[in-house]
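> To start, I am sharing the structure in question, which I have written as structure tokens.
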Amino acid sequence: MNKLSILFIILLFGSFTFLNAQTFDVTFQVDMNVKMVTGEFDSLRQEVRMTGTITDPEWNPAEAPILEDPDGDGIFATTLNVAAGDYVYKYLIGDAWGNDETLADNRAITVSATETLDPVFYSNVSEVDFPVAPQDSVILMLTVDMSRQRQIGAFDPNTQVVRCAGAMQGWSPENAPDMVDFLVGGGENLVYQVTYEVDPSTSYDYKFLIGTAWGNDETNNRSVSVAANDTAIWPVYYNDEPYDPDFVPDTVAVTFNVDMSVKILEGLFDPAVEAVVVAGTWQGSDWTPELSDSMIVATDSVFTSTVKMLANVDYEYKFKIGKSAEDTGWETDNRQFSAGGEDTVLATVFFDNDTIVSEIKDGKIEFTVDMSVLAELGLYDAINDSVKLMGDFNGWSDSDPTKSEMEQDFGDPNIWFLQITFEKTPVEEIQNFKFLVNLGDTLTIWTDGWERPLTHGGGNRMVGFEGTETQVYETMYDDVQTDYVLNGGDNLQVTFSVDMRPAMLEVDPFNPAEDSLWWVSEQPLFAFSQGWPGTWDNDMKVLLLEDLDGDSIFTGTLTVTEPSFNGFEYRYGYDDKSAGARVLEPGGYANFAYRVRYAGQDEARNFPVNPWPMPVDTWTDTEIKEDQETNPYQSYDDYLATSIGDLAEVTPNRFKLYKNYPNPFNPSTNLKFDLPEAGVVKLNIYNVLGQKVATVYDGNLKAGQHIMTWSGKDVSGGLVATGVYFFRLETEKHVAVRKMVMLK
């Protein structure tokens, strides 16, 4: 090869190298107007970025270039200097994946010259995607920016809702839908949107509000003129108060003090090697004890910590032994306080409010639950279902199966048990817990497996720790005993009654002329034994109560579908027509937050009074309900004690003599019996020698239930002596005898 050829090759190779090394300025543009009008992007508080193989580093949203909009036209741009070649890329909102463009394929470009690309719409969405409006209607989309209200502490998106009420929906905040924060990928965008179906070419007044009722609404009404087609209104700030990027929130210093002396004396806290911290809602939705500073010693046993937080905000908090995020070491219950506008020192409290030094021991408790009644009712399957134990001792969590997954008894698959080991636990310390059915088939069995124990009014079970190796706790699920089962074709009817006069005296009163009153079951087990449709919740409308005689006492009769049981856990609620809302008596997780009553029985699975009249309840605004009964046998005894006399309006289908009430007695007792047909009746009293002591009744009686009283006196009028006596009921076809005891 001659020198000229070599020189030509060198020049040719160099020209290719020059072309490959050449770079060009490329300007990218994305139109964000649609995203802004729908509330999915706020240019003041969010950024638009682009990343891909064209950026360095590639596909790294955290270090991707930020696009700018200097003229405020909603079109954001950035210029990159890149080498010639083929690239792919996409736009995103923020600095992390999750709110990036939703495209079938990434965007692509071949760079070969300096150029400015035409603007593209974010995710190629060029217009607002309105829902379909009914015929002769159009969609009105309204959007409000709550960032300023959040900034000044006037709005908490975790606990409050935003609504829009106006002429387009009757100015009813109670019936307005909650507005939605449409930020893709989670987080707080704080721009809320709602759509209404309205008449075209019509003007409407409206305003935004925080909550579900007037009182926390915007100062002034707004007005909109709807076009002949779907209309989207550009986002506005709540109360027209704009977000301030330079805002520094008002903060106050709150000083917490906790007395650890009891825990130190019990050996449950060693200040030499352990820390105590305070954590709460000022840290956000997830309390972070590991980020909290250790409290310092103010005295020998009182520990203190000062925390900066927003002023004029309500907070919840707890103290915790240890800085780890694990469940153990927390106080049992949340505490509450309101931070005002000035620095505050909270009063000293004892850790867990425990002021008594207890004996500390190791020990075990074996928890056992019998599921046989549920199996009989068809609400539990011993083959497919299992049972969990949830309580204070496992943080109400099943994350540790050894402390939550119960074991099945091989001899009786309806019995489940689990032994929990306790270390350094105060003797007599209350352990709260419940059983939870882990359903194998939620399509055919009830969907809420949590207990609502009858003996606790739906609240938690409680057991005091004894500090032994042999402590046992045994019970039936939901405290439904085998005696209580209805499965014999009884067609039991139960009449509930409630005095609504207190509800008529409230600020927003119950209006009997307009509002509908309902009996509301609070026990999923019972509700699903009835096959009531839908999911179990407080909106079940299965028993309407009415006031037919105008005495303000509302009644309704429930026919119990079998198989089921005769225990009822419930409260009352009414549909407030003027407010368009359901008003319920207060409920909750505390013991006896719901009423418990029983249809009375005298023997196992026998319910002699049908329909059963429940005692009259009284509407209440208190969480804890006083209307509680202990068991159906006591309910029946109480019924007998208040129903002395002729009960002939109830016609039994068999002859029966019941146990006397009370027994033992002094000096009188009640004798109750059923007559399926009219006839001559003799009711006599005998002593243990078979001698007749007294005649209670001798004559004709009509069919029905009857209760008669024996005064405890013999035929001569004297009071009989302490001892055993027999009462004998005789008709033309039947004879029955029962024993009773006179006890002076």
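Any read-out appearing in this document is the output of simple, stated calculations on the displayed coordinates, not a laboratory observation. Everything numeric here is computed off the predicted structure, so don't read it as measured data. Cβ atoms come from the backbone with ideal geometry, glycine included; neighbour counts cover every protein chain shown.
> Taking 0.36 nm per residue of sequence separation and subtracting the Cα-Cα distance, how much length would be gained by fully extending the chain between Glu405 and Asn491, in nm to one decimal?
27.2 nm
> Sticking with this structure for a sec: Order of Tyr594, Tyr484 from fewest to most other C-beta atoms within 10 Å?
Working: Tyr594 29, Tyr484 22.
So the ranking, lowest neighbour count to highest, is Tyr484, Tyr594.
> Continuing with this model, one more query. How far is the Cα center of segment 328-397 from the Cα center of segment 119-193, in Å?
39
> What's the exposure ranking of Thr559, Thr368, going from fewest to most Cβ atoms within 10 Å?
Ordered by Cβ neighbours within 10 Å, fewest first: Thr559, Thr368.
> So how far, in whole Å, is the C-alpha centre of segment 537-569 from the one of segment 436-513?
Their Cα centres are 15 Å away from one another.
> To continue, here is another question. Once you list every other residue whose beta carbon is under 12 Å from the beta carbon of Ala62, what net charge do they have if Lys and Arg are +1 and Asp and Glu are -1? Write out the running numbers ahead of the final one.
Working: positive: Arg49; negative: Glu47, Glu63, Asp95.
That works out to -2.
> So how do 51-59, 703-711 stack up, highest first, on mean other-Cβ count within 10 Å?
Ranking, from highest mean packing down: 703-711, 51-59.
> Give me the compactness ratio for segment 360-480, meaning the Cα radius of gyration over 2.2 N^0.38 Å.
1.05
> Sort Ser552, Ser529, Ser668 so the one with the fewest other Cβ atoms within 10 Å of its own Cβ comes first.
The fewest-first ordering by Cβ neighbours comes to Ser668, Ser552, Ser529.
> List, in the order given, every pair from Lys682/Lys744; Lys364/Lys388; Lys672/Lys739; Lys263/Lys323 whose Cα-Cα distance in the structure shown is over 21 Å.
Violating the 21 Å limit, Cα to Cα: Lys682/Lys744.
> Along the Cα-to-C-beta direction of Val357, a point sits 7 Å from the Cα; which residues of segment 289-329 have their amide N less than 17 Å from that point?
300-302
> On alpha-carbon atoms, Rg over Rh for the chain using Kirkwood Rh?
Value, to two decimals: 1.12.
> Between segment 201-247 and segment 28-52, how many Å separate their Cα centres?
22
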